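K.L.:
Below you'll find the structure I mean.
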Amino acid sequence: MGSPSQSRTGLYRGAHTTFPSTARIETMDNADILTKIRASLNERFGLDLNQLAENARLRDLGVDSMHVLEIMLDLETELGVSLSDLSLPSNPTLGEVATVISRNVAGGV
């Protein structure tokens, strides 16, 4: 598989993903945030939604830490929150990324 920053045609899919506002930030749960992460990976990198399960490891998807940071910054902007605790394991699953973001949102961090 090629670099996730490129589509199958080799073109970068964009520098910023806009997420639809489907829920108020106060009521978002882990599943809502996981949905936003999956949408971002699909839009930015052309990854198939079927391969973006909660237990999918980012490294297995070809996503590196810089890509995760870009996605988290997009979510931070879209959700209007500051994600100050971005502690992730070395090869997190999508679910673990969602949990870190949820913890920031819930804690008002």
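K.L.:
Based on what the data block shows, is Thr93 surrounded by 17 or more Cβ atoms within 10 Å (Cβ to Cβ) and β-branched (Val, Ile, Thr)?
P.N.:
yes
For (1) in contact (Cβ under 8 Å) with a residue 12 or more places away in the chain; (2) under 16 Å from Ala98 (Cα atoms); (3) basic (Lys, Arg), each residue gets a yes or a no:
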site	(1), (2), (3)
Met28	yes, yes, no
Arg38	yes, yes, yes
Phe45	yes, no, no
Asn50	no, no, no
Asn55	yes, yes, no
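K.L.:
Can you tell which of Ala106, Ala31, Ala23 is modelled with pLDDT under 80 and out of contact with any helix residue (DSSP H, G or I) (no Cβ under 6 Å at 6 or more places or on another chain)?
P.N.:
Criteria check complete, one pass: Ala106.
K.L.:
Take segment 44-66 and flag every residue that is within 13 Å of the chain's Cα centre (by Cα), surrounded by fewer than 17 Cβ atoms within 10 Å (Cβ to Cβ), at pLDDT 90 or above and assigned to a helix (DSSP H, G or I).
P.N.:
Once the filter is applied, which keeps residues that are within 13 Å of the chain's Cα centre (by Cα), surrounded by fewer than 17 Cβ atoms within 10 Å (Cβ to Cβ), at pLDDT 90 or above and assigned to a helix (DSSP H, G or I), segment 44-66 yields only Leu49.
K.L.:
Before we move on, is Leu79 under 23 Å from Leu49 (Cβ atoms) and crowded, with 16+ Cβ neighbours inside 10 Å?
P.N.:
Numbers: under 23 Å from Leu49 (Cβ atoms): yes; crowded, with 16+ Cβ neighbours inside 10 Å: yes.
Yes: the conditions hold for Leu79.
K.L.:
Then there is this: If Thr18 satisfies all but one of (1) surrounded by fewer than 17 Cβ atoms within 10 Å (Cβ to Cβ); (2) of a type in the set (Ser, Thr, Tyr); (3) modelled with pLDDT of 85 or more, what's the number of the condition it fails?
P.N.:
(3)
K.L.:
On to the next question. Tally time: how many residues in segment 67-100 are of a type in the set (Asp, Glu) and part of a loop (DSSP other than H, G, I, E, B)?
P.N.:
Total meeting the criteria: 1.
The values are calculated or read from the model by the stated rules, or taken from the named source; none is laboratory data. In this text the structure is predicted, and so the values were computed from the model without any measurement. Neighbour counts run over all protein chains shown; Cβ positions are idealised from the backbone, glycine included.
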